[in-house]
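Engineer: Dropping the structure in here first, questions after.
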Amino acid sequence: MDPAAHRSSRRRTWSWLRRTWSWLRRMWEEHEEGVLYTIAVVVYIPAGVFLKTVVLNWIFGILFPLIVVYLIPTWIRRLRASEPSGRERGRRASGASS
Amino acid sequence: MSWATHELENYFIQKHSKVKASFLAIALGAFAPDLITKGFVYGFHIGDWGFGAENPIKFHRGWPGAGFTHSLLFGVVIAALILRFTGSRGWALGFLIGDWAHVVTDINDTAGTMLFFPFSTVQITTGMWKHAAYTGRYNDAAAYYSSPGGLWDTFWLGIVLVFARGTLTKRYFREVVVPADPRVWAWIHRRFNLPERALVAIYRGWLFYGGCRIVAWTLFARFRTDYSWDPSWGGPWYIERVDIYAGTFWEGVWSVTIGAVLTAIALVVCWKLLLRRWWQRGSDPPIVERHGFLAAEPART
């Protein structure tokens, strides 16, 4: 393959990925709840097809949106809040070494 | 039996009942007829012990059996007990509407329901799709989603999304669903420390479950079994039809007519002798205004 064409194709791919990523971030920031419901649907249906009895029952099924839309995000936020950030860890490490 | 319809029709009922009935009670009522019996219909094991009905269809919808759970008076009895012991009119009414919606919807399969039990033990059915519970849960699901039953569920999903989509908003939840049943939602909020976002997720859970199970079971039926799609009336053709009622058509019509009249009389008598008193003793949230014979105070002349 022509190296110039290869570089241009790579640039296009990266540009597409960056645009997609920024679109996803924007969607997440503007419609977090909608994105979480979509994730719930996308996860639940295939899981239901393969793990029928465990997933497609009226207790788990009805509570699944609660788990994906509220419990997991809350748990992740708590986890992140309790853990020091990467920058903070770096600062502590440099403080300890000096 | 209907599968996802029992979850989806709750929102349609909610749209029409507004604050007059509790959504959670409607949902419980819609589950009630199958709540205890379904496990025995499909059969289950605990260790080496197997539990299950010898004749699943008769057990599910017939008499002798648990078919009485799919009758109008069963809903009335449980709703009356709710009214007597909780004093909540919204819960009693919600349970009754949800239960009746389930019972009426289930006349569409070939097993039918004994709507007017105990006055008539004839199953009323439109025979739209075959009741295939005797084939086990997975085969039942595959047969149902290969028959008009799958279309029936999809129809209800469409009805909710087109005509009752307003009931799915946070605003509706805040202004209608919670005020209609403030004690229970407040209890869930306090007991589990859940904010509004989580409570709305629970409220939308029935739609989520109903909609997703239509897709999941349809995919299962189409790609993981060899059941062919047969949306014709009374399908699928490859499932054997099992009728519980063995009499002639006109005997059935006569029995159902007598049953309907006696059920109506029983309801009026029960209301006059007992239920009206319990209803007047019961309470409503402040937002609820009732009119007609369900008005809080009897009209004085």
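The values are calculated or read from the model by the stated rules, or taken from the named source; none is laboratory data. As the structure is a computational prediction, the values presented were derived from the model and not from experiment. Here Cβ is always computed from backbone atoms with ideal geometry, including for glycine, and neighbour counts include all displayed protein chains. These area figures cover heavy atoms from the full protein model, side chains too; ligands, DNA and RNA do not enter into them. Shrake-Rupley method; radii C 1.70, N 1.55, O 1.52, S 1.80 Å.
Engineer: Which one of these is under 30 Å from B:S22 (Cα atoms), open to solvent by less than 50 Å² (accessible area, probe 1.4 Å) and more than 14 Å from chain A (Cβ to nearest Cβ): B:A180, B:A198?
Structural biologist: On the way: B:A198 fails: more than 14 Å from chain A (Cβ to nearest Cβ).
It is B:A180.
Engineer: Scan region A:42-56 for residues that are at the interface with another protein chain (Cβ under 9 Å from one of its Cβ atoms) and either of a type in the set (D, E) or over 25 Å from A:H31 (Cβ atoms) (or both) and report the count.
Structural biologist: Here the count works out to 6.
Engineer: Which of the residues belonging to region B:14-36 are β-branched (V, I, T) and closer than 20 Å to B:L83 by Cα?
Structural biologist: Narrowing region B:14-36 to residues β-branched (V, I, T): B:19, B:26, B:36.
Of everything in region B:14-36, those that are β-branched (V, I, T) and closer than 20 Å to B:L83 by Cα turn out to be B:V19, B:I26.
Engineer: Which of the residues belonging to region A:58-80 are more than 9 Å from chain B (Cβ to nearest Cβ) and over 13 Å from the mean Cα position of the chain (by Cα)?
Structural biologist: Those that are more than 9 Å from chain B (Cβ to nearest Cβ) and over 13 Å from the mean Cα position of the chain (by Cα): A:I59, A:W75, A:R78, A:L79, A:R80.
Engineer: May I pose another question? Which number in (1) modelled with pLDDT under 95; (2) open to solvent by 10 Å² or more (accessible area, probe 1.4 Å); (3) on the phi < 0 side of the Ramachandran plot marks the one condition that B:A132 misses?
Structural biologist: Of the numbered conditions (1) modelled with pLDDT under 95; (2) open to solvent by 10 Å² or more (accessible area, probe 1.4 Å); (3) on the phi < 0 side of the Ramachandran plot, the odd one out for B:A132 is (2).
Engineer: Which one of B:I36, B:I57, B:I78, B:I46 is among the aliphatic types (A, V, I, L, M) and modelled with pLDDT of 95 or more? If you could, list the steps in order and put the result at the bottom.
Structural biologist: Working: B:I36 fails: modelled with pLDDT of 95 or more; B:I57 fails: modelled with pLDDT of 95 or more; B:I46 fails: modelled with pLDDT of 95 or more.
After ruling out the rest, the residue left standing is B:I78.
Engineer: Now a separate question. Quick check on my filter: what residues within region B:104-121 are in a helix (DSSP H, G or I) and surrounded by fewer than 24 Cβ atoms within 10 Å (Cβ to Cβ)?
Structural biologist: Within region B:104-121, B:V104, B:T105, B:I107, B:N108 qualify.
Engineer: Among helices (runs of 4 or more DSSP H) lying entirely in region B:2-56, which contain 2 or more residues that are closer than 30 Å to B:F293 by Cα and among the small types (G, A, S)?
Structural biologist: In region B:2-56, the matching helices (runs of 4 or more DSSP H) lie at B:23-35.
Quick grid of which residues meet (1) within 30 Å of B:Y138 (Cα to Cα); (2) in contact with a helix residue (DSSP H, G or I) (Cβ under 7 Å, 6 or more places away or on another chain); (3) part of a helix (DSSP H, G or I); (4) without any contact (Cβ under 8 Å) to a residue 24 or more places away in the chain:
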{"residue": "B:R241", "(1), (2), (3), (4)": "yes, no, no, no"}
{"residue": "B:G247", "(1), (2), (3), (4)": "no, no, no, no"}
{"residue": "B:V256", "(1), (2), (3), (4)": "no, no, yes, no"}
{"residue": "B:I265", "(1), (2), (3), (4)": "no, no, yes, yes"}
{"residue": "B:V268", "(1), (2), (3), (4)": "no, no, yes, yes"}
{"residue": "B:L274", "(1), (2), (3), (4)": "no, no, yes, no"}
{"residue": "B:W279", "(1), (2), (3), (4)": "no, yes, yes, no"}
{"residue": "B:I287", "(1), (2), (3), (4)": "no, yes, no, no"}
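Engineer: Based on this model, can you work out whether B:F173 counts as in a helix (DSSP H, G or I), free of Cβ contacts under 8 Å to residues at least 40 places away in the same chain and open to solvent by 60 Å² or more (accessible area, probe 1.4 Å)?
Structural biologist: no
Engineer: Among the residues of region B:7-39, count how many are more than 12 Å from chain A (Cβ to nearest Cβ), closer than 21 Å to B:G158 by Cβ and touching an Asp or Glu at 6+ places or on another chain (Cβ under 8 Å).
Structural biologist: Looking only at that region, the number is 2.
Engineer: Can you pull out every residue in region B:238-290 that is open to solvent by 80 Å² or more (accessible area, probe 1.4 Å) and of a type in the set (D, E, K, R)?
Structural biologist: B:E240, B:R241, B:D243, B:E251, B:K272, B:R276, B:R277, B:R281, B:E289
Engineer: Name the one entry in B:W206, B:W187, B:W237 that is more than 14 Å from chain A (Cβ to nearest Cβ) and part of a helix (DSSP H, G or I).
Structural biologist: Result of the check over B:W206, B:W187, B:W237: B:W187.
Engineer: Being closer than 26 Å to B:N193 by Cβ and surrounded by fewer than 10 Cβ atoms within 10 Å (Cβ to Cβ) is the filter; apply it to region A:81-98 and report the residue that is modelled with the highest pLDDT.
Structural biologist: It comes out as A:A81.
Engineer: With the condition kept exactly as written, say whether any residue in region B:134-153 is over 23 Å from the mean Cα position of the chain (by Cα) and either more than 14 Å from chain A (Cβ to nearest Cβ) or not polar (S, T, N, Q) (or both).
Structural biologist: No, the conditions are met nowhere in region B:134-153.
Engineer: Can you find even one residue in region A:2-22 that is surrounded by fewer than 15 Cβ atoms within 10 Å (Cβ to Cβ), β-branched (V, I, T) and either in contact (Cβ under 8 Å) with a residue 60 or more places away in the chain or away from chain B (no Cβ under 12 Å) (or both)? Break it down stepwise before answering.
Structural biologist: The first filter runs over region A:2-22 and keeps only residues surrounded by fewer than 15 Cβ atoms within 10 Å (Cβ to Cβ), leaving A:2-22.
This time we only want the ones that are β-branched (V, I, T), so: A:13, A:20.
From what is left, the residues that are either in contact (Cβ under 8 Å) with a residue 60 or more places away in the chain or away from chain B (no Cβ under 12 Å) (or both) are A:13, A:20.
Yes, region A:2-22 has at least one match.
Engineer: Criterion first (open to solvent by less than 90 Å² (accessible area, probe 1.4 Å), within 14 Å of chain B (Cβ to nearest Cβ), over 25 Å from B:F31 (Cα atoms) and under 23 Å from the mean Cα position of the chain (by Cα)) does A:G34 satisfy it?
Structural biologist: Values: open to solvent by less than 90 Å² (accessible area, probe 1.4 Å): yes; within 14 Å of chain B (Cβ to nearest Cβ): yes; over 25 Å from B:F31 (Cα atoms): yes; under 23 Å from the mean Cα position of the chain (by Cα): yes.
So A:G34 fits the description; yes.
Engineer: For region B:32-49, give me each residue that is out of contact with any strand residue (DSSP E or B) (no Cβ under 8 Å at 6 or more places or on another chain) and open to solvent by 30 Å² or more (accessible area, probe 1.4 Å). Break it down into steps so the answer makes sense when it comes.
Structural biologist: Step one: of region B:32-49, the residues out of contact with any strand residue (DSSP E or B) (no Cβ under 8 Å at 6 or more places or on another chain) are B:32-38, B:41-42, B:46-49.
Those that are out of contact with any strand residue (DSSP E or B) (no Cβ under 8 Å at 6 or more places or on another chain) and open to solvent by 30 Å² or more (accessible area, probe 1.4 Å): B:L35, B:I36, B:K38, B:Y42, B:I46, B:G47, B:D48, B:W49.
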